[in-house]
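Each value in this text was obtained by applying a stated rule to the coordinates, not by laboratory testing. Note that the structure is predicted; figures quoted are calculated from it, not measured. Using ideal geometry, Cβ is built from the backbone for each residue, glycine included, and neighbour counts are taken over all protein chains shown.
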Amino acid sequence: MSDQTGLPPGQRAIDHFPRFGLNPYAERFPKEPDRIALTISGDGEALLTGRDLAELPRVEQTSDFHCVTTWSKRSLTWSGVRLADVYDRFLAPLAEPRLLIFRCQDGYRVGLLLEDALAPDVILADRLDGAPLSIAHGAPLRLVAPAHYGYKNPKHLKAIELSRNTDYRPAALRFMDHPRARVALEERGRWIPGPILRLLYRPLIAATARRFREALRRHQADSASAS
Ligand SMILES: Nc1nc2c(c(=O)[nH]1)N[C@H]1C(S)=C(S)[C@@H](COP(=O)(O)O)O[C@H]1N2
Ligand SMILES: [Mo]
């Protein structure tokens, strides 16, 4: 058993870090897991590559990861660049947004309020625990926002949209997408209290993890036979 002390409300530590998400995304994979290309759109548009990000200071950060369904993985060490540095250098000149909408190569999308996105522990990560990010965990680039539930940590990033409105269409059903989703306040979803959502989500963990694991295995077998 993992040490369960000091976790946020309703969370339980597990020993491994599963590939996970909303069911339909289990079978969707990034088309270009090896190349960082981030389209930024606001009043104007820009394309950021790995070379652009390499101009910014590299940071390493160890944090716990909390899925809204109640599993937590402790002590993951990510490295990449601070989103706040990306914002100052490349995004702020394009717009004055209130919301950042992140779009992913697998079709997933999610929004973070600007004030949450600019926290110093929010990073665009391309490495995990000393190795390049795997397909399971978000290659080529993912957002890590440790104060927010996993669903605000989009993988396989391909675009960031700068929006003046705070409203957007989430990948999940609306009740599942809290605008802020802060783990410490148990903001699991909208309208329904966190402690109730715990009970609804917890029974789904095992089957979801299995579905994501088996889909990845098939994807890797297909990629191996195609090459
Ligand atoms: N592109 C993309 N990002 C995503 C998801 C997804 O399905 N697709 N799922 C989210 C959810 S619900 C969780 S818990 C985490 C899981 O991250 P992991 O697969 O690295 O454990 O990714 C989040 N980001
Ligand atoms: Mo999640």
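Here are some notes:
- In the chain, excluding the sites themselves, the longest stretch lacking any of the trypsin sites (Lys or Arg not before Pro) that are in a DSSP loop with at most 11 other Cβ atoms within 10 Å is 32-163.
- Placing +1 on each Lys and Arg Cβ and -1 on each Asp and Glu Cβ, with no other charges, gives segment 1-128 a dipole about its Cα centre of roughly 360 debye.
- Gyration tensor (alpha-carbon) shape descriptor, segment 57-98, a/c threshold 1.5: oblate
- Note on the chain: Rg/Rh from C-alpha atoms, Kirkwood Rh, equals 0.95.
- Cα gyration tensor, segment 38-154 - rounded (a/c under 1.5), prolate or oblate: prolate
- Using the Cβ-Cβ distance between ARG169 and ASP3 with R0 set to 35 Å, the FRET efficiency works out to roughly 0.35.
- Segment 1-85: GluC sites (Glu not before Pro) falling in loop per DSSP and having at most 12 other Cβ within 10 Å: GLU55
- Efficiency of FRET from Cβ geometry, THR62 and ILE192, R₀ 30 Å, rounded to 0.05: 0.40
- In segment 1-99, the C-alpha radius of gyration followed by the widest Cα-Cα span (Dmax) gives 17.4, 51 angstrom.
- Among the chymotrypsin sites (Phe, Trp or Tyr not before Pro) in segment 154-193, those placed in a DSSP loop whose Cβ has at most 11 other Cβ atoms within 10 Å are TRP191.
- Fully extending the segment from ARG98 to ARG210 would add 36.6 nm, taking 0.36 nm per residue of separation and subtracting the current Cα-Cα distance.
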